[in-house]
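S.K.: A single structure is presented below for examination.
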Amino acid sequence: MKKIRAYISIARPDHWFKNGFMVLGIVLAFFIEPSLIDKNWFFNILLGVVSVCIVASSNYVINEILDASKDALHPTKKKRPIPSGRVNIVMAYMEWVLLSLIGLGTSYLVNPSFFVSALSLWIMGIFYNVPPIRTKEIPYLDVLSESINNPLRLFLGWFALLPHKVPPISLTIAYWMAGAFFMATKRFAEYRAIANKEIASKYRSSFAYYNETRLILSIFYYAIFCAFFLGVFIVKYHLELIFSVPLIVGFFSYYLKIGFKENSPVQNPEHLYREIGLMLYLGACFVAFIFLLFVKLPWLYKLFKVIPYNINPLWQF
């Protein structure tokens, strides 16, 4: 059982919560096409979520395999199954191939658009982890190539329901930059936790270039970039969402505050559910965003002199 648990561990099922980023794509699909609610949509979403979890796990397995030598230099990651010698490398590669085939095969059963997005998620795992590209070792590209999984998951949620339309590009870019903000904050927390540039550089090559100033500046850059394109989406598609902006900005600020903690939990996002205050705040942001997405306030458009996008909300004030 210990051996089996080790092989399950390298697939990181505890990271599947990241596929929650699909939810925005699902909600947006209902926003664009309210008639979807009367159709048989549940099975597609269920099958889609299962396939994405398996594809993501295949990426985690190859990550564990190729990072083992570097993880052995990390104060806590050296206890992972591969660097600690609890997993056979050949068996781990077989697990990666099997998960890849099952995940991508299952995604094709949803629809071709969903399959292409799932394949893109898998390919980004290759670019991020596998030499000679291995973008995780290149400053800034490490953050941008990992965080692009956010908009890919948005696409996956969307295409599970609307395979013949493309999600709003403005929100897609904003979602990408939000992911970059979170990932850069993770890098910042990791750098501070190791507290030794030489050791940090051996663990992650990009840390030879990074320092605290550069990481903080990149965090600020991604946050502003996200805010700009979120604003474009709000003005173009649904001005009522402007009331969610103070909450969203507050969440970003709260997350960054946690990033400054000693041994910050943002180093391991899969454990952030333990930050009760952060989770409650995230829940409030999500509820406010969804509520406002399906509400119409005609006076708001007159105030800002904006032409409403032609979509009927679920209800109107």
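The values are calculated or read from the model by the stated rules, or taken from the named source; none is laboratory data. Not measured: the values here are computed from a predicted model. In this analysis, Cβ positions are derived from the backbone assuming ideal geometry, glycine residues included, and neighbour counts consider all displayed protein chains.
S.K.: Inside the range 205-317, counting only helices (runs of 4 or more DSSP H) that do not spill past its ends, which hold 3 or more residues that are at pLDDT 95 or above and buried (at least 18 other Cβ atoms within 10 Å of the Cβ)? Break it down into steps so the answer makes sense when it comes.
M.R.: Numbers: elements: 212-237, 245-259, 276-293, 298-304.
The qualifying helices (runs of 4 or more DSSP H) are 212-237, 245-259.
S.K.: Within the range 67-79, does at least one residue satisfy the condition of being within 30 Å of Phe159 (Cα to Cα), touching a helix residue (DSSP H, G or I) at 6+ places or on another chain (Cβ under 7 Å), outside the structural domain of Lys186 (by TED's automatic domain parsing) and charged (D, E, K, R)?
M.R.: Taking the range 67-79 as the starting set, the residues that turn out to be within 30 Å of Phe159 (Cα to Cα) are none.
No, the range 67-79 contains no residue that is within 30 Å of Phe159 (Cα to Cα), touching a helix residue (DSSP H, G or I) at 6+ places or on another chain (Cβ under 7 Å), outside the structural domain of Lys186 (by TED's automatic domain parsing) and charged (D, E, K, R).
S.K.: I'd like to check which helices (runs of 4 or more DSSP H) are fully inside the range 116-197 and have at least 3 residues that are hydroxyl-bearing (Ser, Thr, Tyr). So that I can check it myself, show each step before the final result.
M.R.: On the way: elements: 141-147, 149-159, 169-194.
Here the list reads 169-194.
S.K.: For the range 72-94, state whether one or more residues are in a helix (DSSP H, G or I), in contact (Cβ under 8 Å) with a residue 12 or more places away in the chain, in contact with a Ser or Thr (Cβ under 7 Å, 6 or more places away or on another chain) and small (Gly, Ala, Ser).
M.R.: No, the conditions are met nowhere in the range 72-94.
Each row is one residue, and each column tells you yes or no for (1) in contact (Cβ under 8 Å) with a residue 12 or more places away in the chain; (2) touching a Phe, Trp or Tyr at 6+ places or on another chain (Cβ under 6 Å); (3) more than 23 Å from Leu303 (Cβ to Cβ).
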position: Phe155; (1), (2), (3): yes, no, yes
position: Phe182; (1), (2), (3): yes, no, yes
position: Ser244; (1), (2), (3): yes, yes, no
position: Ser253; (1), (2), (3): no, no, yes
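S.K.: Can you tell me which residues in the range 69-108 are more than 24 Å from Asn263 (Cβ to Cβ), among the aliphatic types (A, V, I, L, M), surrounded by 14 or more Cβ atoms within 10 Å (Cβ to Cβ) and more than 22 Å from the chain's Cα centre (by Cα)?
M.R.: Residues of the range 69-108 more than 24 Å from Asn263 (Cβ to Cβ): 85-108.
Now narrow it down to the ones that are among the aliphatic types (A, V, I, L, M): 87, 89-92, 94, 97-99, 101-102, 104.
From the residues that got through so far, the ones that are surrounded by 14 or more Cβ atoms within 10 Å (Cβ to Cβ) too are 87, 92, 99, 102, 104.
Of everything in the range 69-108, those that are more than 24 Å from Asn263 (Cβ to Cβ), among the aliphatic types (A, V, I, L, M), surrounded by 14 or more Cβ atoms within 10 Å (Cβ to Cβ) and more than 22 Å from the chain's Cα centre (by Cα) turn out to be Val87, Ala92.
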